[in-house]
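To start, the structure under review is shown below, and the notes come after it.
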Amino acid sequence: MVRVRFAPSPTGYLHIGAARSALFNWLFARKVGGKFLLRIEDTDLQRSTDESTRSIIEGLEWLGLDYDEEIIFQSNNAERHRAAARQLVAEGKAYRDFTPKEARDDKSVKQNIADRARAHAAEGIDHRSNPFRDLAQEESDVC
């Protein structure tokens, strides 16, 4: 059975682009006899609001887009995700990131990442490289 989902971040009102994505997924699920799921990406605790969540749900209802299962709130899975991340680190399949975080304007984050990647590429530096990647577990635990 086909299962499609619409996964908005509740950081504002339902906008036309998100409504379009929801509509296409809903129509596809209905056409093939599948399920349409609603997963709220509420892991950005600083910007996610209950008002935005209500607005998204009300917007979908107004559009007549019903979902087939209980709403999934991604924040309810946070501990499971942390456990999976710890397991990956323990198995050497991931590493902890100790890169200093800078205070940034949310609007400029993507642009800053793109600019840094372009600058590194021009200098022949792999923008995914990280000096902390190969720290031994003992050193990592000290950081």
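On the basis of being small (Gly, Ala, Ser), in contact with a His (Cβ under 8 Å, 6 or more places away or on another chain), modelled with pLDDT under 95 and over 29 Å from Arg20 (Cα atoms), does Ala85 make the cut? So that I can check it myself, show each step before the final result.
Details: small (Gly, Ala, Ser): yes; in contact with a His (Cβ under 8 Å, 6 or more places away or on another chain): no; modelled with pLDDT under 95: yes; over 29 Å from Arg20 (Cα atoms): yes.
Taking the combined requirement at face value, the residue does not satisfy it.
Check whether at least one residue in region 26-45 is hydroxyl-bearing (Ser, Thr, Tyr) and not in a helix (DSSP H, G or I), and report yes or no. Before you say what the answer is, go through the steps one by one.
Start the filter on region 26-45 by keeping residues that are hydroxyl-bearing (Ser, Thr, Tyr), which leaves 43.
Cutting the leftovers down to not in a helix (DSSP H, G or I) gives us 43.
Yes.
The values are calculated or read from the model by the stated rules, or taken from the named source; none is laboratory data. In this text the structure is predicted, and so the values were computed from the model without any measurement. Neighbour counts are summed over all protein chains in view; Cβ atoms, including those assigned to glycine, are modelled from backbone coordinates with ideal geometry.
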